[in-house]
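K.L.:
Below: one structure in structure tokens.
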Amino acid sequence: MTTDIQSATSVSDLDRSKVLHNGEKVPLTFTDEELERRLAGLRLIMAQKELDAVVLTSYHNIKYYSDFLFTYFGRSYALVVTAADHVTVSANIDAGMPWRRGYGENIVYTDWRRDNYIHAIQEALRQRGVTPRRLGVEDDTLPLDNRNKIQAAFDGAELVDVAQAAMRQRMVKSAEEIEVIKHGARIGDLGGEAIRAAIGEGVAEFEVALAGTEAMVREIARTFPHSDIRDTWVWFQSGINTDGAHNWPTTRRIERGDILSLNCFPMISGYYTALERTLFYGEPDARSLELWKINVEVHERGLELIKPGAVCKEIAAELNEIYVSYGLLANRTFGYGHSFGVLSHYYGREAGLELREDIDTVLEPGMVVSMEPMITVLDGQPGAGGYREHDILVVTENGAENITKFPYGPEHNILGA
């Protein structure tokens with residue numbers, strides 16, 4: 001039922017919360033069966049922790065359990081889950097969109113009083129007959145101010161962290177999730193081809209990036225005609241700008257002899273995927289070519305190590321030894337890979353599934369991880385620049401499937417020679 005907008009003689013007459021069914025539900029990214037599977041997993045966590053309800057507040061968990069991806073803009077959001085029901089809590093500024101693009105019911109809170117967000121959470125539980133004694137929250141992302149307000153609103157309840165348990169659930173992907181991620185890898189490859197075609201002497205980094213972004217956005221719209229079109233982007237760097245993995249495109253223009261870094265990020269309904277490659281415009285010098293080949297050696301060994309039963313920290317330790325043998329360990333800039341999924345509207349990973357020395361997670365079928373070794377040589381040194389390759393692998397029962405098809409290495413990615 002749609003709630004009509006009521007006339008009011010003053011702000012004090014306006015509702016603190018309301019139901020706003022505007023239009024019709026749109027097809028979601030995932031089936032009802034898939035979303036019920038996820039909610040069932042969360043309810044199992046609730047039962048194990050003896051929770052009466054959970055209030056999820058992060059980008060990743062609201063998206064994961066309801067398929068609704070919010071835009072913050074200074075307003076808080078929530079997904080309230082009980083043993084029998086669930087409801088998203090969204091800001092009035094979004095009107096009926098959260099209901100249309102979310103699984104299940106939705107409560108809208110208004111701006112007319114300061115703590116209407118907290119009031120809406122209370123209302124969601126009251127309507128479902130739940131007075132929580134133990135209430136799940138996400139301590140890793142919940143701002144202290146909001147945590148204190150939730151605690152005050154439910155002053156008889158104990159707040160219990162569910163963030164780590166929910167993360168472990170998200171680490172193993174379903175068949176539907178893997179299908180979306182595979183499309184992301186395919187679309188990233190298309191973005192890479194558009195970037196290759198746009199590279200030329202004198203072309204600005206941002207112009208190359210725009211070509212890749214446009215190609216990916218159009219393919220996302222074609223493949224997922226009901227999805228939000230949002231947040232897909234490219235980092236394309238040249239010369240000294242390749243030194244960091246997350247450097248944005250600039251107005252710098254490509255010069256002959258430049259090292260280049262191609263980074264495509266097709267965002268499908270909040271699911272992060274990536275393609276990253278080292279290229280050169282013109283023939284690289286001898287030291288640059290040597291460094292590039294060393295990084296490819298690490299990359300290829302890393303691809304071989306990803307399989308069920310492998311331990312994240314042991315993969316990192318073995319790859320470290322290759323860099324040590326070349327005297328390049330200190331040139332490493334970050335871990336060797338990470339998971340995929342929804343962490344926020346930009347980056348998708350779970351902190352417990354990274355290929356780093358301090359992570360003891362054992363890989364299992366259904367996990368999706370990258371292999372992306374990178375070294376940086378500082379300006380003024382032979383071979384200066386950042387070298388990085390990036391593939392996405394789906395762990396299977398017997399090994400891993402590499403779903404990235406864009407070629408890597410000097411045999412394929414020296415352009416304009």
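The values are calculated or read from the model by the stated rules, or taken from the named source; none is laboratory data. These numbers come from a predicted model, not from an experiment. For neighbour counting, all protein chains shown are included, and Cβ atoms are generated from backbone atoms with ideal geometry for every residue, glycine included. Remember, those area values only see protein heavy atoms, side chains included, never the ligands or the DNA or RNA. Shrake-Rupley method; radii C 1.70, N 1.55, O 1.52, S 1.80 Å.
K.L.:
Can you tell me the convex hull volume per residue for segment 68-135, based on C-alpha atoms, in Å³ to the nearest whole number? Show your work: numbers first, answer last.
P.N.:
Values: hull volume 6.3 nm³, N = 68.
Here the figure is 93 Å³ per residue.
K.L.:
What's the ranking of 315-324, 377-386, 212-221 by average number of surrounding C-beta atoms within 10 Å, highest first?
P.N.:
On the way: 315-324: 17.1, 377-386: 15.5, 212-221: 20.8.
Sorting 315-324, 377-386, 212-221 by mean packing, highest first, produces 212-221, 315-324, 377-386.
K.L.:
Skip the ligands, DNA and RNA, and give the accessible area per residue of segment 124-183 with a 1.4 Å probe, whole Å².
P.N.:
On the way: 2900 Å² over 60 residues.
Each residue of segment 124-183 exposes 48 Å² on average to a 1.4 Å probe.
K.L.:
Give me the percent of DSSP beta bridges within segment 61-210 that run antiparallel, rounded to the nearest 5. Walk me through the intermediate numbers first.
P.N.:
Details: 4 of 13 bridges.
Antiparallel bridges: around 30 percent, rounded to the nearest 5.
K.L.:
If I fit a long axis through the Cα atoms of helix 205-223 and take the longest principal axis of the Cα atoms of the chain, what angle between them do I get, 0 to 90°, rounded to 10?
P.N.:
Between the helix axis and the principal axis of the chain, the angle is about 50 degrees.
K.L.:
I need the peptides 172-180, 113-121, 234-242 ranked by packing, meaning the mean over residues of other C-beta atoms within 10 angstrom, with the highest value on top. Present the calculation step by step, with values, prior to reporting the outcome.
P.N.:
Values: 172-180: 16.6, 113-121: 19.0, 234-242: 24.2.
In descending order of packing, they fall as 234-242, 113-121, 172-180.
K.L.:
Once label points are set 7 Å from the Cα along Cα→Cβ at both Ala330 and Gln127, what is their separation, rounded to one decimal in nm?
P.N.:
With each label point 7 Å from Cα toward Cβ, the separation is 6.1 nm.
K.L.:
Rounded to the nearest 5, what % of the DSSP beta bridges within segment 8-118 are antiparallel ones?
P.N.:
Counting DSSP beta bridges with both partners in segment 8-118, the antiparallel share is about 65 percent.
K.L.:
By how many nm would the segment from Ala221 to Arg147 lengthen if fully extended, with 0.36 nm per residue of separation less the alpha-carbon distance?
P.N.:
Stretched fully, the Ala221-Arg147 segment lengthens by 22.8 nm.
K.L.:
Report the charge-dipole magnitude of the chain in Debye, nearest 20, computed about the Cα centre from +1 at each Lys and Arg Cβ and -1 at each Asp and Glu Cβ.
P.N.:
Details: 42 positive and 62 negative charges, 182 e Å.
Around 880 debye, computed over the chain.
K.L.:
Of all DSSP beta bridges located in the chain, what percent are antiparallel, nearest 5? Could you put the intermediate results ahead of the total?
P.N.:
Values: 41 of 54 bridges.
Here the antiparallel bridges make up roughly 75 percent for the chain.
K.L.:
Continuing with the same structure: Do you know the relative contact order of the chain, to the nearest whole percent, from alpha carbon pairs under 8 angstrom that are 6+ apart?
P.N.:
Details: 885 pairs, mean separation 58.2, N = 417.
Over the chain, the number comes to 14 percent.
K.L.:
Could you compute how much accessible surface Leu51 exposes when probed at 1.4 Å, giving the result in Å² to the nearest 10?
P.N.:
20
K.L.:
Relative to the longest principal Cα axis of the chain, at what angle does helix 144-153 sit, 0 to 90 degrees, rounded to 10?
P.N.:
On a 0 to 90 degree scale, this one is about 20.
K.L.:
For helix 175-198, what angle does its Cα long axis make with the longest principal axis of the chain, in degrees from 0 to 90 and rounded to 10?
P.N.:
Approximately 50 degrees, to the nearest 10.
K.L.:
Which whole-Hz ³J(HN,Hα) couplings does segment 130-141 yield from phi under the Karplus relation 6.51 cos²θ - 1.76 cosθ + 1.60, θ = phi - 60°, glycine and proline marked x?
P.N.:
Here the 3J(HN,Hα) series is 10, 10, x, 9, 10, 10, x, 9, 10, 6, 7, 10 Hz.
K.L.:
To the nearest µm²/s, what D does Stokes-Einstein give for segment 252-387 at 25 °C and 0.890 mPa s, using the Kirkwood radius over alpha carbon pairs as Rh? Kindly include the intermediate steps, with their values, before the conclusion.
P.N.:
Details: Rh = 16.1 Å.
Using the Kirkwood radius from Cα pairs, D works out to 153 µm²/s.
K.L.:
Then there is this: Arranged from highest to lowest average of other beta-carbon atoms within 10 Å per residue, in what order do the peptides 40-48, 261-269 appear?
P.N.:
Values: 40-48: 15.3, 261-269: 25.9.
Packing proxy ranking, top to bottom: 261-269, 40-48.
K.L.:
With the cut-off at 1.5 for a/c, could you classify segment 239-325 from its C-alpha gyration tensor as rounded, prolate or oblate?
P.N.:
On the way: a/c = 2.68, a/b = 1.27, b/c = 2.11.
Oblate.
K.L.:
Of the heavy-atom accessible surface of the chain (probe 1.4 angstrom), what whole percent is carbon and sulfur? Working shown, then result.
P.N.:
Numbers: 8900 of 17600 Å².
Carbon and sulfur: 51 percent of the exposed surface of the chain.
K.L.:
Using only helices, what value at 222 nm comes out for the chain when you add -39,500 (n - 2.57) per DSSP H run of length 4 or more and divide by the total residues, to the nearest 500 deg cm²/dmol? If you can, show how the numbers build up before the last one.
P.N.:
Working: 10 runs with 137 residues, N = 417.
Value at 222 nm, helices only: -10500 deg cm²/dmol.
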